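Just so it is clear, none of the values below were taken in a lab; they were calculated from the coordinates. Every value quoted in this text rests on a predicted model; they were computed, and no experiment measured them. Virtual Cβ from ideal backbone geometry, glycine too; neighbours counted across all protein chains shown.
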Protein chains: 2
Amino acid sequence: MPTIKAAILGFGTVGEGIYRILNEKKQEIKRQTGYTIDVTTILVNDIAKERMPTPGVQVTNNIREVFEQPQLDVIFEAIIGEEPAYTYLSEAISKGYDVITANKAMFAAHGPALLQQAEVCGIEIGFEATTAGGVPIIQTVKNLLAGDRIKRIQGILNGTSNFILTQMRQEGLSFKAALKEAQALGYAEADPTDDVSGKDAFRKLMILSKLAFGKQPVWETIDIQGIAQLTHEDIIEANRGKLRYRHIAEIQIDENGNLSGSIGPVLIGANHPFYGIDGVDNSIILDTEYLGALTLTGPGAGMYPTGSAMINDLIQIVNTRKRELISS
Amino acid sequence: MPTIKAAILGFGTVGEGIYRILNEKKQEIKRQTGYTIDVTTILVNDIAKERMPTPGVQVTNNIREVFEQPQLDVIFEAIIGEEPAYTYLSEAISKGYDVITANKAMFAAHGPALLQQAEVCGIEIGFEATTAGGVPIIQTVKNLLAGDRIKRIQGILNGTSNFILTQMRQEGLSFKAALKEAQALGYAEADPTDDVSGKDAFRKLMILSKLAFGKQPVWETIDIQGIAQLTHEDIIEANRGKLRYRHIAEIQIDENGNLSGSIGPVLIGANHPFYGIDGVDNSIILDTEYLGALTLTGPGAGMYPTGSAMINDLIQIVNTRKRELISS
């Protein structure tokens, strides 16, 4: 049975999730693809740090040792921040490795360049996990684009913000208290600035824009508002009128191909598809020419949803490569 | 530029939708697949009936003339009822044509046999349009199954029933009056029995069961209830308690691989994802092992959503075949 050799860059929650699922689903993946997936190398920041056992895997803090692995096929990237992730993936593509990333900050900024580089080199990039966690929005948009046209995308793209707004409404908490709870439950980072400022949602919107419309707007033209300015009183007052605040990222294309978008809290009524989206869920509405409005809702984050999205990317890539091989 | 020759069996709303979209999207499909799609033959019931002009296309009421077309590649099937559709598609597969169907009654009953026949013959079957109209549930389940496992499926799978329940609640109509409105708006058939008895939802559930679990339950073990027994008073009484009736089709698999399911009206509260699904929309919740719960919502029927789903099937099939060709 042929084997696919994989490396994992970054071994935080997401990297560990990939490793776990790859092991738990070994038989299933073999059945689905005909291949055994072997993780040969894991790149970590601090080699001395205690972590889950990974028998037979080389654990290194040196990217050169990853690239020097013989017969490496695919790289899972789960590093945080633009660099060194972009440099690593760009080198990986030039060396002929397929890549699968969960890194939204990196992919929002450098996705267009990486996609172009990948096309030239005949490399596949999986980026389902960069946007809306376990919701298969990337795959759905790709499929839709084959026979349809997307006119507008609206999304609840940051689970932390949505959780905070939900807690403020349901439990009557202040923004600060709700944020503290999100952090206690592991939903928000120690530094939650990117989540509550709207920056995280903005990045995901830029990734969707490139995919759905073939381009991104000039970043500075998009008004980005977070949720931090919403008071407990705002929320309660809205709720009295049966309205709810949702943090919505939105982008649309006009007939001339011009993009416009915005990110911020929006007051919506009970007939809006986002009215019932509570907690850490993400939800996305795609307005299309033929299909009408399609809504996808699911978990916005988490070790297993994110890891699972990356494994699905892997299987798609393996099946593409396999078809090429079988017929060659 | 290579050409794909297609036939359309059945030229009612759905068949006409396919023809329209194939013409409107000719350039786009060529760009996406590299192929020009030409409809060469249309099979109709009554050759004398007035219909939209289809220049250059052979219109016939004789299936033999369809199968005698030289170099036919793919057959779109949009006939109503199990026969003669099943016999036609079975012959099409044995002759080596890929098939794309929107026929849920036929595919619920004969899908398992056709899928097996297609596997033996190396043929692709597209059946996205059989279930939940424009909601890409078939593709989503296929993708999910690659790296995940589905435990339960719940769906609002009949748009007509959902529209009637919505009208009864929002407008205070009786079942009969709401049904009449659905018919006036073209949502319900002249004979709406299958819609309001739950039979239509049952068929779609069986198609999903085969896809998600690899098998269907024994049909007679599933309790099928429709919405006709719900009175205006039931709906208003529920609404007073902030509850809503939804017609839900549900199937689940236990650890031993046993299937159980039911179809009927269910009283749900505001926290249920189906609470806000009004009108002719369909919605499906997939409970999975890794991803958690994923909800898809969109138009359940209509010429363009259904036609668009079939064109997406076509593009998937063409791309699969193309990869085989390119590498061979």
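Only counting other Cβ atoms within 10 Å, I'd like A:ILE268, B:ILE29, A:ILE75 sorted with the fewest neighbours first.
A:ILE268, B:ILE29, A:ILE75
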* Structure fact -> Copies of B:PRO112 compared via label points 7 Å along Cα→Cβ give distances in nm, shortest first, of 5.2
* **Cα-based shape type of the range B:198-260, given that a ≥ b ≥ c are square roots of the gyration tensor eigenvalues and the cut on a/c is 1.5** => prolate
* Would you mind listing how long the range B:1-65 runs along its three principal axes, going by Cα atoms, in whole Å with the largest first? => 36, 23, 17
* **Residues B:PHE213, A:PHE107 arranged by fewest to most Cβ contacts within 10 Å** => B:PHE213, A:PHE107
* Dipole of chain B, Cα-centred, from +1 at each Lys and Arg C-beta and -1 at each Asp and Glu C-beta, to the nearest 20 debye? -> 680
* Divide the volume of the convex hull of the Cα atoms of chain A by its number of residues and quote the answer in cubic angstrom per residue. => 148
* Asked: Can you give the mean number of other chain Cβ atoms that lie within 10 Å of the Cβ atoms in peptide B:308-316?
  -> 4
* What is the mean projected area of the alpha carbon convex hull for the range B:146-248, to one decimal in square nanometres? -> 8.1
* Asked: Where does the charge balance sit around B:GLU28 when Lys and Arg score +1, Asp and Glu -1, over other residues with C-beta under 14 Å from its C-beta?
  -> +3
* Give me the angle, in degrees from 0 to 90, between the Cα long axis of helix B:159-170 and the longest principal axis of the Cα atoms of chain B, rounded to the nearest 10. => 30
* Quantify how strongly other chains surround peptide B:281-292 by giving the mean number of their Cβ atoms within 10 Å of each of its Cβ atoms. => 5
* To do: Project the alpha carbons of the range B:76-211 onto their principal axes and report the range along each, largest first, in whole Å.
  => 53, 37, 19
* Asked: Roughly how many whole Å is it from the C-alpha centroid of the range A:69-108 to that of the range B:237-315?
  -> 37
* Antiparallel as a % of all DSSP beta bridges within the protein assembly as shown, to the nearest 5? -> 55
* Please report, in Å, the Rg and the Dmax of the range B:75-143, where both are computed over Cα atoms only. => 11.3, 31
* Taking Cα atoms, how many degrees apart are the long axis of helix A:175-184 and the longest axis of chain A, rounded to 10 and kept between 0 and 90? -> 30
* Neighbour net charge for A:ALA85 - beta-carbon separation under 15 angstrom, K R +1, D E -1 -> -2
* What per residue convex hull volume, in Å³, comes out for the protein assembly as shown when only alpha-carbon positions are used? -> 166
* Run through the other copies and list how far each one's label point is from that of B:ARG20, in nm with one decimal, shortest first; the point sits 7 Å from Cα along Cα-Cβ. => 4.9
* Asked: What residue among A:ASP98, A:ASP148, A:ASP313 shows peak mean-square fluctuation when chain A is described by a Gaussian network model with Cα springs under 10 Å?
  -> A:ASP148
* Structure fact -> Here the longest stretch of chain B that holds no GluC sites (Glu not before Pro) in a DSSP loop having at most 15 other beta carbon atoms within 10 Å is B:83-170
* **Rough spin-label spacing in nm, given labels placed 7 Å along Cα→Cβ, for A:SER94 and B:GLU65** => 6.3
* Out of all DSSP beta bridges with both ends in chain A, state the antiparallel percent to the nearest 5. => 55
* Structure fact -> Calculated from DSSP helices alone, with each H run of at least 4 adding -39500 (n - 2.57) and the total divided by the residues of chain B, [θ]222 nm to the nearest 500 comes to -13000 deg cm²/dmol
* What average number of partner chain Cβ atoms lie no more than 10 Å from the Cβ of the residues making up B:264-277? -> 2
* **Amide N of the range B:236-254 lying under 18 Å from the label point, which is placed 7 angstrom from the Cα of B:ALA177 along Cα→Cβ** => B:236-240
* For each of A:HIS232, A:HIS247, count neighbouring Cβ atoms within 10 Å of the residue's Cβ, then give the residues from fewest to most. => A:HIS232, A:HIS247
* Would you please report the Å³ per residue occupied by the convex hull of the alpha carbon atoms in the range A:247-295? => 96
* Asked: For the Cα atoms of chain A, what angle does the longest principal axis make with the long axis of helix A:199-213, in degrees from 0 to 90, nearest 10?
  -> 70
* **Relative contact order %, chain B, counting alpha carbon pairs below 8 Å whose residues are six or more apart** => 21
* Would you mind listing the distances between the A:GLY257 label point and the same position in each other copy? Use 7 Å along Cα-to-C-beta, nm, one decimal, shortest first. => 5.4
* Counting Lys and Arg as +1 and Asp and Glu as -1, each charge on the Cβ, what is the dipole of the range B:215-314 about the Cα centre in debye, to the nearest 20? -> 300
* When chain B is treated as a GNM, springs tying every alpha-carbon pair under 10 Å, which of B:ARG149, B:ARG64, B:ARG203 comes out with the largest mean-square fluctuation? -> B:ARG64
